[in-house]
Structure formats: C-alpha cells, structure tokens
Amino acid sequence: VSQSRYSQDPTIREKLDYEIDGMVVSVNNIEKQEQAGWSGKCPRAKIAYKFKPEQKEAEIEKIEWFTGRTGRVTPVAVINPTQISGSTVCKVSLHNYGMIKPLDLAVGDKILLEKAGDIIPQMVRITNKNINTSFVAPSVCPTCGQTLSLDKDSVNLWCLNVSCPAKLVRRVLYWVS
C-alpha cells in the first residue's frame, strides 16, 4: 500500500464505512519483526502514518474571552457552525493574546479550520481579512470586571483579582476532578 495514496487523497478516507485518522503498516511475521529490531522505543517492523486533517473555511462571528482557574484570560472564536471530521464545530480555541494580536484577528475574518489529531478544533490561518474590523482585546476581566494585566512576554492576559468568581469556580472544578 502506498502511504501517499491514502494520506494525500481525502476522498478515499471519506468513502470508508468507519472513522479513521491514520494507519499502521506492520511486518506480518514475528521472526522478521524480531530481526528488524528496535529504534529507541519504536519497533522497526511497524510504521504509523497519520492522514492530513480535513480543513474547512469558517467565519468568525464573535470572540469570547474566558477566565481560567489560574486567572489567565483565553480567547475563543465563535464561528458559523461548520461540519468537519464527523462533527459540527461552533467554537475554536485561539490559545492566547500573543497569538491573535499580531494577526489582527477580528470578527468577520474568515479562517481555515482543522481538527488537531482529528479532535481539537484549531485555526490554521486567516484566509480572508475583514478590512472593516480590527483586533480588540479586553481591558477588564470578563467575569469580575477587574483590570487585566499583560505578562512580561506579551503573551497572556491575566486577571489578578484573587476573589474572581470564574477563578474560584474553576479551581473547585479542577480540585473535584
């Protein structure tokens, strides 16, 4: 089986009766497997291939900001519902302030979307910039209203309020889990 045939042609994957994100090619003889040996932790007689993830375009409808248990404020893009890799995606993590600020990511922008590992929705790149909008970061915590602080590396926004309700709830949920 040619690896490139299956990993480069998404139509083959779509025609299967089951979900699959890759394949493992293995020597079908125990003696030959043992002769091939190991490379670190990996057997030389087995090779895994991952398919390229399916990609779709989506439009950002709004950007929401969430305060986590540590106080880090994280952006999430709400997109038009998009069917991709067997599910409908409505939200995409944008990771942090430092990632989206230089891109000038804003409402109305069109993005290329994929599911990392066929599970986690992520933005690949902006495909069409809406020239009528620009990036707007919050200046206050979306939960408690306290002024946000930008870290020294200009990557994350932080809520420094020790009694922020979002931080307290997420700490309890983290502890319970």
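The values are calculated or read from the model by the stated rules, or taken from the named source; none is laboratory data. For clarity, every value in this text was computed on a predicted model and none was experimentally measured. Quick reminder, even Gly has a Cβ in these numbers, built from the backbone with ideal geometry, and neighbours come from all protein chains shown. Calculation scope for accessible area: heavy atoms of the full protein, side chains included, ligands and nucleic acids excluded. Shrake-Rupley method; radii C 1.70, N 1.55, O 1.52, S 1.80 Å.
Summary table
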| item | result |
| --- | --- |
| Residue match in segment 77-86 (condition: farther than 30 Å from E14 by Cβ, modelled with pLDDT under 95 and β-branched (V, I, T)) | no |
| Among the residues listed as I47, I60, the single one being of a type in the set (A, V, I, L, M), surrounded by 14 or more Cβ atoms within 10 Å (Cβ to Cβ) and farther than 30 Å from W175 by Cβ | I60 |
| Qualifying residues in segment 108-135 (those that are of a type in the set (V, I, T), without any contact (Cβ under 8 Å) to a residue 60 or more places away in the chain and within 19 Å of E61 (Cβ to Cβ)) - the one surrounded by the most Cβ atoms within 10 Å (Cβ to Cβ) | I111 |
| Residues being in contact (Cβ under 8 Å) with a residue 24 or more places away in the chain and either in contact with a helix residue (DSSP H, G or I) (Cβ under 8 Å, 6 or more places away or on another chain) or open to solvent by 20 Å² or more (accessible area, probe 1.4 Å) (or both) - total across segment 75-86 | 4 |
| Near pairs, Cβ below 7 angstrom, 6+ apart or cross-chain, from segment 11-35 (closer than 19 Å to A48 by Cα and open to solvent by 100 Å² or more (accessible area, probe 1.4 Å)) to any residue that is of a type outside the set (V, I, T) and part of a loop (DSSP other than H, G, I, E, B) | E19/G86; K32/A45 |
| Residue under evaluation V155, criteria (1) open to solvent by 80 Å² or more (accessible area, probe 1.4 Å); (2) in contact with a Gly (Cβ under 6 Å, 6 or more places away or on another chain), criterion not met | (1) |
